[in-house]
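The values are calculated or read from the model by the stated rules, or taken from the named source; none is laboratory data. Quantities reported herein were computed from a predicted structural model and do not represent experimental measurements. Neighbour counts run over all protein chains shown; Cβ positions are idealised from the backbone, glycine included.
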2 protein chains.
Amino acid sequence: YDDAAAEAASARQMELTKPPGSLGRLEDLAVFLAGWQGRARPEIGKAQALVFAGNHGVCAQGVNPFPQEVTAQMVANFEHGGAAINQLCALNGAALSVVALNLDRPTEDVTQAPAMTEAETLDAMRRGGAAVDPTADVLILGEMGIGNSTIAAALAHAVFGGAARDWVGRGTGSDTPAIAHKAEVVARAVALHERAKGLQILAALGGREQAAICGAVIAARLARIPVLLDGFICTAAVAPLHAARPALLDHCLIGHASAEPGHRGMTEAMGKRPILDLGMALGEGSGAALALGVLRGALACHNGMATFAEAGVSDG
Amino acid sequence: YDDAAAEAASARQMELTKPPGSLGRLEDLAVFLAGWQGRARPEIGKAQALVFAGNHGVCAQGVNPFPQEVTAQMVANFEHGGAAINQLCALNGAALSVVALNLDRPTEDVTQAPAMTEAETLDAMRRGGAAVDPTADVLILGEMGIGNSTIAAALAHAVFGGAARDWVGRGTGSDTPAIAHKAEVVARAVALHERAKGLQILAALGGREQAAICGAVIAARLARIPVLLDGFICTAAVAPLHAARPALLDHCLIGHASAEPGHRGMTEAMGKRPILDLGMALGEGSGAALALGVLRGALACHNGMATFAEAGVSDG
């Protein structure tokens, strides 16, 4: 993080033709991007969106009404341009890539065994990191995986504590009895792996797309690329990084406050406020891709507005 | 409002490749636009943004630290492309026009007399309505006028009751003693004109840009154009229409929840939930122009996504 660039950006915000602070969060976002990009006039020339997909052995516990085949079907839908994330990336100018991670080989059922071996976890992290374009100006992360709202709840419960039901919601369409069943599955999984700490939680309870997201977040940090995480499942995916060291997520924004009830608790625990709150609960990176428009708005104002001196406007 | 178009849009939302409801507010916005535009596949080919500017006699009461000349200076800044609204309209594809309303002739001081005569009010309403492009697909409304956060508070207080201080905030930069002074000015103005009802409130306590906004809202309704109102001052500007008949605002969305504390009470009283909440308090239409990006996102998904049948995805 480049303090000098951030300070120069803050100083510029004070000179633009508006009352100080009147652009609210747009001002904070411009300064944040300045600090991470290391330039007082940050830009989003190249926005990259990565959607990682994986399958989950926990589906054997009957936690999701959709069959696991839907993960591959939705990956094909992404590849053919038919999903929400395709439309939102096209609208806001992000280049989308989809990385399907061994869909024919689901992780282990986390109520019975660790989801992944250490080697499998590191391999997925490496593939996530390798997918990051080091020349991108901002990175959008999303996911797809039938059953992964259960995995997300388990990661959140293991990292942030509380009760299993605090982190469980309807996911892709569970009703009330199904939600109670999901909570019971999450409680059993977390109890089985209670000795896992920090990044061990990722191997014990996560999935390949969660590990890939963690790898991409780390790769983005090394390349000083600010990250827009999507909603509930993306936030839970990086919870093991938060458990290892909260500062690992300092370059990450959260695009959207999910309708999943567990999201608020996670974002508060991480000290992050989502940019949008539109009742979405889709995943795929859709909330982050929509929030990219707000980032572009912040920078359009930051870079394009006249100063009081330039415009000949009295500054009070 | 075309119920058949709205129902067809709702039916399409159920067929798109996502769990039902998972796009949250984006789904509601697509259906809203379908109903008002009268087509199951609404579009935003032409987005018009109108910013109305006026000056206010209430500035004689010392309610604003900026001189009234700033209104004309900011109009020049809009015309030269240097303000926040210029950048946000360019980003989200809206054609911006600025209409300055007799800036050299401020309204009367509302603590002493009605702001405008009936003839002046109707003239400003007519000019607002005449500025609306009847072929636009969506209309964004904004305002500029030194002193008009005091006028907005007076309109809100007259229409929605409560105490003057409930509706008064820092505006373009008042500190705590100045806010107390503003509240006292608002209380005196509203007490002086307590017999005004409905649209009479607009003449008694409003300003030319407020009347123009009301005229534009009515013209948009006649042309079945959905409207994106900006924040605190725009919402207060149409409060007299709400007082006359709440359904007059059924085609209006509110773009942004203002940082001005009085905005929440107004939007709740009107039964409207702002689309964005980013701590902005600038006016100019900036919050509405940013929210246009969300509307475009809603329609990109609505019109561009594949259905379950088209994509060969199992729908559970």
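Quick check, is residue B:76 of a type in the set (A, V, I, L, M) and in contact with a strand residue (DSSP E or B) (Cβ under 9 Å, 6 or more places away or on another chain)? No, not satisfied. Every condition in (1) over 29 Å from residue A:91 (Cβ atoms); (2) of a type outside the set (Lys, Arg); (3) away from chain B (no Cβ under 14 Å) is met by residue A:252 except one, and the failing one is (1). Selection of first residues in region B:209-232 that are assigned by TED's automatic domain parsing to the domain that holds residue B:141 and closer than 19 Å to residue B:287 by Cα and of second residues that are of a type in the set (D, E, K, R) and at pLDDT below 95, restricted to Cβ pairs under 7 Å at least 6 apart or on distinct chains, gives the following pairs, ordered by first then second residue: B:232/B:260.
Filtered by the rule that a residue be within 18 Å of residue A:27 (Cα to Cα) and polar (S, T, N, Q), region A:252-304 gives a lone residue, A:303.
Would it be correct to say that residue B:244 is within 16 Å of the chain's Cα centre (by Cα), assigned by TED's automatic domain parsing to the domain that holds residue B:100 and touching a residue at least 24 places away in the same chain (Cβ under 8 Å)? In short, no. Filter region B:304-313 down to the residues that are modelled with pLDDT of 95 or more and assigned to a loop (DSSP other than H, G, I, E, B), then identify the one that is nearest to the other protein chains (Cβ to nearest Cβ). Filtering first and then ranking leaves B:306.
Among residues that are free of Cβ contacts under 8 Å to residues at least 60 places away in the same chain, part of a helix (DSSP H, G or I) and over 14 Å from the mean Cα position of the chain (by Cα), residue A:300 is included.
Kindly indicate the residue of region B:74-87 that is in contact (Cβ under 8 Å) with a residue 24 or more places away in the chain and touching an Asp or Glu at 6+ places or on another chain (Cβ under 9 Å) and also nearest to residue B:286 (Cα to Cα) among those meeting that condition. Residue satisfying both the conditions and the ranking: B:85. Taken over region A:279-294, the criterion of being under 14 Å from the mean Cα position of the chain (by Cα), among the aliphatic types (A, V, I, L, M) and part of a helix (DSSP H, G or I) is satisfied by A:288, A:289, A:290, A:291, A:292. Check whether at least one residue in region B:236-251 is at pLDDT 95 or above and under 20 Å from residue A:24 (Cα atoms), and report yes or no. Among the residues of region B:236-251, not one is at pLDDT 95 or above and under 20 Å from residue A:24 (Cα atoms), which makes the answer no.
It is to be established whether one or more residues within region A:124-144 are free of Cβ contacts under 8 Å to residues at least 24 places away in the same chain, charged (D, E, K, R) and over 23 Å from residue A:289 (Cα atoms). Within region A:124-144, not a single residue is free of Cβ contacts under 8 Å to residues at least 24 places away in the same chain, charged (D, E, K, R) and over 23 Å from residue A:289 (Cα atoms).
Residues of region B:62-85 that are more than 7 Å from chain A (Cβ to nearest Cβ), buried (at least 23 other Cβ atoms within 10 Å of the Cβ) and under 22 Å from residue B:127 (Cα atoms): B:71, B:78, B:85. Check region B:249-258 and report whether any residue there is within 14 Å of the chain's Cα centre (by Cα) and in a helix (DSSP H, G or I). Checked region B:249-258: at least one residue is within 14 Å of the chain's Cα centre (by Cα) and in a helix (DSSP H, G or I). Scanning region B:1-25 for residues being within 14 Å of chain A (Cβ to nearest Cβ) and surrounded by 14 or more Cβ atoms within 10 Å (Cβ to Cβ) gives a total of 13.
Criterion applied to A:98, A:58 was being more than 19 Å from residue A:296 (Cβ to Cβ) and either modelled with pLDDT under 95 or in contact with a strand residue (DSSP E or B) (Cβ under 7 Å, 6 or more places away or on another chain) (or both), and the one residue passing it is A:98. Say whether the condition of being touching a Leu at 6+ places or on another chain (Cβ under 8 Å) and in the same structural domain as residue B:253 (by TED's automatic domain parsing) is met by at least one residue in region B:176-188. No, there is no match, as no residue in region B:176-188 is touching a Leu at 6+ places or on another chain (Cβ under 8 Å) and in the same structural domain as residue B:253 (by TED's automatic domain parsing). The residues of region B:252-282 that are touching a strand residue (DSSP E or B) at 6+ places or on another chain (Cβ under 6 Å) and touching a residue at least 40 places away in the same chain (Cβ under 8 Å), listed by number, are B:253, B:255, B:274, B:280. Please go through region B:115-128 and give me each residue that is in a helix (DSSP H, G or I) and out of contact with any Gly (no Cβ under 8 Å at 6 or more places or on another chain), ordered by number. Scanning region B:115-128 gives B:118, B:119, B:120, B:122, B:123.
Among the residues making up region B:279-292, those that are facing another protein chain (nearest Cβ under 7 Å) and crowded, with 24+ Cβ neighbours inside 10 Å are B:280, B:281, B:282, B:290. When A:301, A:234 are checked against the criterion of being crowded, with 22+ Cβ neighbours inside 10 Å, in contact with a helix residue (DSSP H, G or I) (Cβ under 7 Å, 6 or more places away or on another chain) and more than 9 Å from chain B (Cβ to nearest Cβ), a single residue qualifies: A:234.
If I ask for residues that are assigned to a loop (DSSP other than H, G, I, E, B) and at the interface with another protein chain (Cβ under 8 Å from one of its Cβ atoms), which ones from region A:263-278 would you list? Correct list: A:275, A:277, A:278.
Checking the stated criteria, residue A:288 turns out to be among the aliphatic types (A, V, I, L, M) and in contact with a Gly (Cβ under 9 Å, 6 or more places away or on another chain).
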